[in-house]
Amino acid sequence: MPASDTPETPAEPEAPGESGAQRAPGTEAASDTRSGREPESDHEQAADAAARLDAAPRASQESAAGTSEEASPRPPRDAAARPTGEASLRPSGEASLRPPEKASLQSADEPSLLSEEESVLVPAREPAVRPGEEAAVRPGQDVAVRSPRPSRASRTPSRPGASGTRPPTQESPGSAAEPPVTDLSDLSPAAWPGRAAAAWPALPLLAALALWVYAMRHTDVSALDDYGLVTALHPTFWAGLVVLTTGFWFTVRNPRRGNGWSLAYVLGLLVMERATQAVLYPTPLYAWAWKHDAVIDHLLTAGGLQTEDQLGDMAVYDQWPGFFAAQAALVRLLGVDNTAMYMAWWPLVSSLMLLLPLLLIYRTFTQDRRLIWTAVWLFFVANWVGQDYFSPQSVAFALHVGVLAVVLRRYGRSGGRRGRQGQAMWTVLITVLVTAIVVSHQLTPGMLVVSLLALCLTRRYRDWVPTVTTVVIFLAWCLTAALPFLSAAMPDMIRSVGDVGANVETGYGATPTGAGAVATSWAARLLSGSVLLLALVGVLRQRVLRHRALPLLLIAAAPLPMFVASSYGSEMIFRVLMFMLPGAAFFAAAALLPKVRTLAADAAARERGGREPAGTAGRRGFPLPRLRYGAWVPLLALLTGTLAFVPSYSGKDRINYFPPREVALVQQLFDQAPDGSLVVAANRNYPLAYDSYWRVDHYWFLDDDRRHVDEIVRNPATTLARDMAAVERPARAYFLLTQGQVANSEMNGQLDQAQLRRIRESVAGSPRFERVAENSAGVLYVLKTAS
């Protein structure tokens with residue numbers, strides 16, 4: 001038993017490098033309590049040591065200590081002369097002194113880091129008990145060992161004179177004892193859950209792409225109906241779009257997600273919406289794309305440009321040859337036969353060309369990542385017009401957006417003199433871009449001029465260099481290379497100026513026939529109207545953007561006066577919508593977000609020492625519940641727009657898709673047609689319609705006067721034979737009717753399927769026509785000669 005029952009304050013742990021003589025007040029050396037203490041009997045010491053050593057937890061160090069051995073008392077030595085020394089036991093049982101070392105102590109005021117199996121640490125270093133030797137102690141000193149059983153001694157402070165021993169461990173001087181790992185709950189958290197949480201946006205993205213791949217493998221496009229690709233798509237495609245849009249929305253709203261994930265989702269959207277047709281259809285879409293392929297083939301064959309006397313109406317393409325000349329060079333470079341080898345993928349390529357200039361424009365007015373990427377998403381969703389196909393318009397529009405990006409970022413006056421350094425280089429870049437636009441497309445230079453003029457209305461962008469450069473290049477081209485076409489078309493262009501009703505009246509789906517054509521046409525109109533309405537809401541709600549992004553608002557409104565100028569082949573309304581989209585999508589995205597913060601607003605909030613809740617500004621404008629407006633209502637709007645893109649963009653694929661059998665039938669026609677031959681068809685909606693247009697003439701009777709069309713319907717074979725009789729040998733006159741012509745005529749309110757079938761049966765039964773070829777996609781007849 002200890003000499004005194006009065007407890008003493010336990011020793012405080014030492015700082016690293018502190019010696020035993022520099023311990024906290026109240027700490028004593030073990031030798032201070034040894035004097036005057038009576039040794040216990042041998043029996044008591046042996047029993048106590050045997051009970052404690054019998055169940056030591058660390059078998060590698062304490063297995064031998066579990067044997068019951070007697071601890072014989074040794075005569076006390078003068079330990080006071082070595083107050084900081086420690087006693088160690090040698091195999092001979094004699095104690096020797098070690099250099100002063102620090103003790104590992106724990107304050108009574110601190111919670112214990114050890115389990116109940118740990119022994120209480122004492123100020124002095126415990127003697128190491130080795131196998132096969134006695135636990136020798138000095139008179140007046142107890143031996144404390146580890147015990148696997150809970151004990152009160154392990155929970156209470158050490159009493160004066162009480163000390164203990166523990167098995168030898170490799171501890172660095174001055175370090176506290178490490179608690180043992182008793183179960184998995186004691187392990188520190190692993191790093192992989194944090195990495196998994198950071199990478200969770202990959203899950204919906206990969207799931208959406210997997211659903212898309214599955215849908216592509218299980219979609220049959222061999223029998224399209226009036227709804228086009230909408231009803232043919234496998235249901236997993238729609239599920240993939242929902243997963244992709246939902247994942248994008250919650251990723252872009254998370255401030256801890258970088259731009260990389262948002263970019264990945266936008267690329268996934270482009271793949272699912274722009275590459276689907278290229279994957280499903282074995283042949284390129286759109287008769288106009290096949291027409292442009294024929295123009296490029298002509299450039300490669302003729303080796304140069306030709307005039308109207310040589311090409312007729314098709315000479316217009318030789319007067320704006322930029323796109324076609326570039327594609328002809330690309331065909332030579334790639335070593336392919338024609339552009340049909342890659343033009344099916346052009347919608348995806350042209351969409352990717354728009355991504356960088358869009359990001360540059362939006363980043364000019366905000367650093368809000370949510371607003372930037374949501375605007376990009378809405379732009380691609382609302383761009384259903386179909387001008388991303390293989391055409392000069394697709395490249396010219398991308399260059400148009402690129403010029404606006406350069407002007408907005410490099411010609412503003414806010415940068416002062418330093419912002420104008422190197423402006424000559426940017427002027428050269430603008431000159432190159434504008435020249436590429438002017439020599440490639442007729443309408444885009446006019447749209448660019450009105451957009452630059454609108455920017456000049458603001459004080460910040462009142463720099464006339466881009467505008468004057470564009471006007472000079474545009475006029476120079478119109479008065480030289482394009483003058484023949486403009487001279488012939490000028491009377492019609494002058495008559496259409498100011499006739500807004502006629503310019504807007506006709507266009508895509510103006511007279512749709514059938515439930516599918518009507519539904520898809522209204523889906524496109526509602527999608528465009530919804531985006532424009534959202535843009536108006538964004539302008540009204542986000543006052544900070546209304547002032548900060550005023551140039552972008554002017555760019556969105558600039559194309560509207562073009563309604564007054566021309567109908568542009570009954571497509572002006574859709575071209576105006578397309579050129580409005582970069583600005584309209586930005587403000588439409590602002591309407592979906594609860595609040596758009598500027599850098600100045602964030603700095604002010606930090607100075608106030610608090611953060612204004614996200615969505616506060618949105619609740620001021622529209623008193624809707626924060627959760628409902630801030631997350632679910634915008635998500636539903638985004639989902640609706642994304643899903644509506646499919647019928648708007650692919651709802652008329654029954655017209656635009658030409659199966660391989662139809663392509664083979666038309667190819668057979670042009671392979672055997674002699675120079676000077678004539679091809680008569682209902683309309684131009686079939687592949688290779690303009691193939692060999694420099695040596696073969698075409699006549700589409702549905703484009704003729706309505707009275708003549710009625711005459712053909714009443715007496716098909718006789719009327720058509722009379723129209724084709726002027727062809728002289730060795731040239732031949734052919735009559736071609738394909739499923740693409742039937743779909744176009746029926747869905748656009750011209751002749752229905754029954755009327756076209758009657759025409760076909762009349763020609764087949766006439767002795768004046770001879771059938772040349774026929775398959776499931778169409779039929780080809782040739783007019784017999786008089787001899």
Legend entry - Stretch gain in nm, segment Ala754-Asp697, where the contour uses 0.36 nm per residue and the Cα spacing is subtracted: 17.8 nm
Legend entry - Residue-count net charge about Val646 - beta-carbon cut-off 11 Å; Lys, Arg +1, Asp, Glu -1: -2
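Roughly what % of Cα-Cα distances in segment 268-394 sit above 24 Å, to the whole percent?
Of the Cα pairs, 40 percent sit more than 24 Å apart.
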Legend entry - Rel. contact order, % - alpha carbon contacts under 8 angstrom, at least six apart, segment 524-599: 50 percent
Inset, instruction - List Thr467, Thr785 from most exposed to least, where exposure is judged by having the fewest other Cβ atoms within 10 Å. - result: Thr785, Thr467
Inset, instruction - Please give the FRET efficiency for Gln367 paired with Ser570, using the beta carbon to beta carbon distance and R0 = 56 Å, rounded to the nearest 0.05. - result: 0.85
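Please identify every one of the trypsin sites (Lys or Arg not before Pro) in segment 387-488 that sits in a loop by DSSP and has no more than 10 other beta carbons within 10 Å of its own beta carbon. Before the final figure, lay out the partial values.
Numbers: sites: Arg409, Arg410, Arg413, Arg417, Arg418, Arg420, Arg459, Arg460, Arg462; in loops: Arg413, Arg420, Arg459, Arg460, Arg462.
Hits after loop and neighbour filter: Arg459.
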Legend entry - For segment 718-781 and segment 242-296, distance of Cα centres in Å: 39 Å
Inset, instruction - Just the number, please: Stokes-Einstein D of segment 658-783 in µm²/s, Kirkwood Rh from C-alpha pairs, 20 °C, 1.002 mPa s. - result: 148 µm²/s
Legend entry - For segment 574-590 and segment 449-491, distance of Cα centres in Å: 22 Å
Inset, instruction - Would you please give the FRET efficiency between Arg525 and Thr231, computed as 1/(1 + (r/R0)^6) with r the Cβ-Cβ distance and R0 = 25 Å, to the nearest 0.05? - result: 0.80
Inset, instruction - Please work out how much length the chain gains when fully extended from Ala325 to Gln668, using 0.36 nm per residue of separation minus the C-alpha to C-alpha distance, in nm with one decimal. - result: 120.7 nm
Inset, instruction - Could I get the Rg over Rh figure for segment 738-787? Both from C-alpha atoms, Rh via Kirkwood, rounded to two places. - result: 1.04
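Just so you know, all these numbers are worked out from the coordinates, no wet-lab data involved. What you see is a predicted model, and the numbers here were worked out from it, not measured in a lab. Every residue, glycine among them, receives a Cβ derived from its backbone with ideal geometry; neighbour counts consider all protein chains shown.
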